[in-house]
Amino acid sequence: MFTQKPIEIWGGIEGTINRVGNNYIDQSEFSGHYNREDDIDLIASLGIKMLRYPILWEKHQPEKDQEINWAFAEKNLLRLKELKVEPIAGLVHHGSGPKHVNFFDGSFEEGVAAYAKLVAKRFPWLEYYTPVNEPLTTARFCGLYGHWYPHENNAYSFYRILLSECKATVMAMKAIREINPEAKLIQTEDIGKVYSTPLLKYQADFENERRWLSYELITGTLTPEKQMWGFLLGVGIKEHELSYFLENNCKPHVAGFNYYITSERYLDEGLQKYPQHVHGGNGRHQYADVEVVRVPYPDETGPLVLLREAWERLGLPIAITECHLHCTREEQMRWFNEMWENLNHLKEEGVDIRALTAWAIFGTYGWNMLVTKPWGDYESGVFNLNSGKPRPTAMSRMIQVLAKHQVYYHPVLETAGWWKQEKRIIYPDHRVFNIKRRKPLPKCQPVLIIGKSGMLGTGFSKICEERNIHHLWLDGSELNLDNPEPIEQIIEELNPWAIINTEEFAEIDQAEQKPDECFELNFKLPSLLAEVCKKYSVKMLTFSSGFVFDGSKTSSYLESDLVNPVNVYGQSKAKAEASITEQNPQALIIRIGSCFSCWETSGFVAAILSRLKEGHLVTAANDVSFSPTYIPDLVHQSLNLLLDNECGIVHVTNQGQTTYADFARKIAELAGFNTGLIKGVPAAKLHQKAKRPLNTALQSEKGVKLPVFESALRHYLDVIDYVYLPEKIAV
């Protein structure tokens with residue numbers, strides 16, 4: 001029986017270097033890891049025990065027999081050692097090696113082994129290695145699907161590449177152990193499973209047998225009586241190539257498995273029930289291949305099932321070596337927490353579980369395109385890199401607590417992730433009408449949203465509902481702003497973990513005539529909330545505006561620029577910022593631009609569309625620059641920042657700077673109306689009562705980014721005529 005030690009938290013840097021054509025795509029280059037000095041200290045601050053760290057062949061020795069510059073790797077490895085974080089050295093991560101080797105003539109295996117020996121000689125104290133990450137997955141992408149070099153798409157190439165990678169792993173460990181006999185293999189592989197209709201059970205059974213191939217080859221347990229032995233011979237693999245592993249093998253110290261929401265699949269021959277892009281086949285039957293989470297599959301699925309099967313099949317100590325979800329922040333927290341609970345449950349059952357790995361500490365790039373092109377979408381990790389400088393997210397605090405074997409709690413963990421809700425099901429026919437059932441009210445602490453009358457409050461309520469964040473809605477006009485006791489009573493009764501203030505006096509011209517009312521809502525209310533939130537240790541979020549600036553700057557305003565408002569509305573916002581910052585430094589103040597929302601029939605965009613539909617002229621200022629702000633984008637980002645415990649002033653607007661006249665023309669263009677109906681004039685000719693700054697455009701020096709405003713406009717126009725689908729943004 002293994003020693004019952006607590007499950008450790010490990011970490012990992014997404015360091016993929018894969019080849020597409022003649023180009024190499026390097027994740028560490030995109031993340032800026034090569035250019036930052038303090039990444040290792042940041043990682044160590046999480047309290048993790050081990051780190052999957054890339055020392056990749058393609059990076060260090062791209063040319064044959066090239067002298068290697070170890071300076072960067074050595075500095076970071078020695079710093080990890082000093083900080084008592086054990087490195088797991090990754091040598092090839094979804095790669096095919098430098099250009100002078102290939103999978104089909106033995107040069108890849110020999111090259112990996114030779115490079116591994118050089119690493120071991122340079123760092124003889126390194127104990128843990130992953131010579132080749134995910135051999136089966138990489139072989140599929142390189143040899144079966146054709147996504148990565150050598151871009152083959154046939155069975156022989158797939159299995160030949162797999163054997164090459166597995167042989168490289170065995171040879172590399174042998175070479176390493178010539179230098180360090182105590183070196184240990186931490187092998188990794190995707191853990192998936194295929195489910196199906198009765199007709200396609202034969203295909204599911206085959207794929208479920210195939211998934212163990214990399215482990216059985218490396219461990220020498222693929223023997224002639226097993227199904228895959230004969231199958232491999234049938235596709236052209238030679239018997240002596242398989243026999244090699246019976247005589248030369250390497251038992252992993254830990255079997256690492258990487259589990260994703262897409263790892264489990266469902267096969268269905270009913271093609272008419274599924275969109276064209278998921279159709280495929282095996283030459284015998286045509287079928288749809290979709291994520292099992294997206295269908296109403298009745299039996300148990302998920303990591304508990306798969307890891308039990310891995311334990312029974314392999315009998316090796318197990319770690320989850322990648323745990324990551326590209327989604328909103330609370331969903332990332334729920335995903336990690338659910339895996340943590342699953343692993344502890346398995347350990348109680350007697351499964352030898354060693355660790356859970358927080359994967360992609362600095363996030364990933366381009367996996368939305370399967371890393372077939374440079375860059376692509378950025379997926380935030382434990383740290384967010386949008387500013388170029390790592391910013392801790394809510395995941396960092398969660399990992400710090402779990403790494404100490406303490407209990408981590410946040411109210412958002414008490415409600416289910418989207419993969420546990422009915423909305424996850426989109427096949428076989430997501431158009432079926434569902435009866436709207438009243439959900440039971442969660443018992444966890446809520447978010448308290450103050451402000452029922454505006455588009456911002458409406459947006460928060462709708463998106464909190466979509467993200468399954470328990471929230472309550474309060475009309476701010478009912479509060480007594482001269483007495484904090486009623487607000488304190490509300491906090492004591494409702495026990496919110498955060499208060500979001502969306503109440504404001506938004507009529508800029510009327511503010512000149514009603515300054516007292518403006519300051520009542522825009523200064524007095526948020527200041528009072530800041531005071532009370534500090535007293536009760538409740539997180540606070542409130543909103544300000546680019547109108548705190550005088551407009552004299554020609555470029556976009558940053559958070560650090562000095563405020564100098566030119567009208568009553570701007571003065572009320574600026575005074576509130578100063579008061580809140582002084583009273584409650586932990587409060588979050590988000591400055592926004594002119595907002596538009598797909599849930600409101602009023603507002604600037606809706607008014608323009610209404611006039612254009614009637615063929616009327618639209619007059620707008622052509623000398624006033626601003627940043628459009630789309631409410632769904634804003635609310636999603638604001639909730640993420642709130643969960644990340646961000647504080648101070650942050651600018652959150654859609655990317656891009658425009659004038660009101662140009663924005664109106666873009667609306668007309670995208671909506672298919674005559675842009676000639678837009679007339680741009682100087683703001684002075686509009687005869688507005690309040691003076692306007694000529695520039696209120698905002699940009700964040702803290703790296704907070706929303707989609708470009710043209711993209712937001714397209715989304716707005718897509719959904720105003722029917723139901724808004726938040727999954728397009730959130731999942």
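For the chain, the share of DSSP beta bridges that are antiparallel, to the nearest 5, is 20%. Pairs of Cα atoms nearer than 8 Å and 6+ residues apart set the relative contact order; for the chain it is 10 percent. Relative to its residue count, the chain spans a Cα convex hull of 183 Å³ per residue. Checking the Cα-Cα distances for LYS201/LYS420; LYS404/LYS452; LYS64/LYS174 against a 31 Å cut-off, the pairs over it are LYS404/LYS452.
Our summary gives the range 447-730 a relative contact order of 20 percent, counting only alpha carbon pairs under 8 angstrom and 6 or more residues apart.
Dimensions of the range 41-97 along the principal axes, based on C-alpha atoms and rounded to the nearest Å, stand at 38, 23, 14, largest first.
Note on LYS121: aspartates and glutamates with a C-alpha under 13 Å away, same-chain residues under 8 apart excluded, are GLU74, GLU178. Once the Kirkwood radius over Cα pairs is known for the range 462-520, the Stokes-Einstein relation at 4 °C and 1.567 mPa s delivers a diffusion coefficient of 94 µm²/s.
Legend: P(r) of the range 447-730 from all alpha carbon pair distances, 10 Å bins from 0, whole percents, reading 7, 29, 37, 22, 6, 0.
Helix 201-210 axis versus longest C-alpha principal axis of the chain: approximately 70°, rounded to the nearest ten. Entry note, the range 9-424: relative contact order of 16 percent, from Cα contacts under 8 Å with a spacing of 6+ residues.
Globularity index of the range 9-424 is 0.95 (Cα radius of gyration / 2.2 N^0.38 Å, N = number of residues).
Read the figures in this text as sums done on the coordinates, not as results from a lab. Keep in mind the model is a prediction, meaning the values are calculated, not measured.
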